[in-house]
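Notes follow the structure.
The values are calculated or read from the model by the stated rules, or taken from the named source; none is laboratory data. These numbers were taken from a predicted model, which means no experiment stands behind them. Every residue, glycine as well, gets a Cβ built from its backbone with ideal geometry; the counts of neighbours run over all protein chains shown.
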């Protein structure tokens, strides 16, 4: 019995030695949280403690990171058994506000090569300079954007939005506007900006005064001290949709409904210059007259024409589309937007797709 017990102890000892044979990597912790750091404070670093618990030298062959924002430094010298070293992980927060969670993979000559380390934290963004905020310039006037969008708007509603402005000059600037359409009200606040003063241009879009449907855009001239300046245009847009929210349940049940047999036509592979023609057929499957409000193609190369604009219940009609492919090559996708008075599907997008080969 004693001999058997001694043999068992010898087996356990030999197994333990075998587990430690060769280089072995041991890390004090595999993850570090930097917490909240400031973007303007620059890169932050942490040293991961590494120990060789094996019986032969440990060699760190390479260390990779999941993004270029994380860099690593380590010793290229072999790490003797029982010795310690560090892997320095550095994160650069410049231009990277918000949370981060990056991995660093350590490759060695140990059997367990490919050890993953993690650094994480939260970057507090730095305050932006006026030059960064107001990138569009009209003379001394800086603008946060040259386009004001009010998004989707009911044909009976008013929607407002604004853009930010800043006077980079050394003299006051007074703002006024030209070519303002009747459905847009535009007001500078304040009207006169002192040097290095910020303000807004407030825009109200009154869709009830627009004789149009779908995407509507207007371009307005900004006058600075009553003078025209090169590149002084801003655009104001809205996507006008019919307001069906006031319809009763009975009116909705008796409303028109548009049903297309197909909404996409693939013309395959053709040579440049070929004229593509296709009829998109549809039916008024509703209970009252279907009115085609507007048809808008994605570019001038596509022409569309409805056979009629008022379709009785149960009647069929079609929208003829043609794509002139001259000057176009490669994969093409042209859209046709159809706007109607059908409450369930007032906007339908039709597509012509395919490949145009250069001659």
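Summary table below
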item: Strands (runs of 3 or more DSSP E) completely within the stretch 283-356 that count 3 or more residues being touching a residue at least 60 places away in the same chain (Cβ under 8 Å) and more than 30 Å from the chain's Cα centre (by Cα); result: none
item: Those residues of the stretch 96-111 which are surrounded by fewer than 16 Cβ atoms within 10 Å (Cβ to Cβ), part of a loop (DSSP other than H, G, I, E, B) and modelled with pLDDT of 90 or more, in sequence order; result: 96, 97
item: Where residue 82 falls short, out of the listed (1) under 27 Å from the mean Cα position of the chain (by Cα); (2) surrounded by fewer than 19 Cβ atoms within 10 Å (Cβ to Cβ); (3) over 17 Å from residue 63 (Cα atoms); result: (1)
item: Members of the stretch 294-329 that are exposed (fewer than 13 other Cβ atoms within 10 Å of the Cβ) and closer than 18 Å to residue 274 by Cβ; result: 299, 300, 326, 327
item: Residues located in the stretch 220-259, provided they are in a strand (DSSP E or B) and under 31 Å from the mean Cα position of the chain (by Cα); result: 220, 221, 222, 233, 234, 235, 236, 237, 238, 239, 240, 241
item: Among (1) touching a helix residue (DSSP H, G or I) at 6+ places or on another chain (Cβ under 7 Å); (2) within 30 Å of residue 90 (Cα to Cα); (3) surrounded by fewer than 15 Cβ atoms within 10 Å (Cβ to Cβ), the one test that residue 123 misses; result: (3)
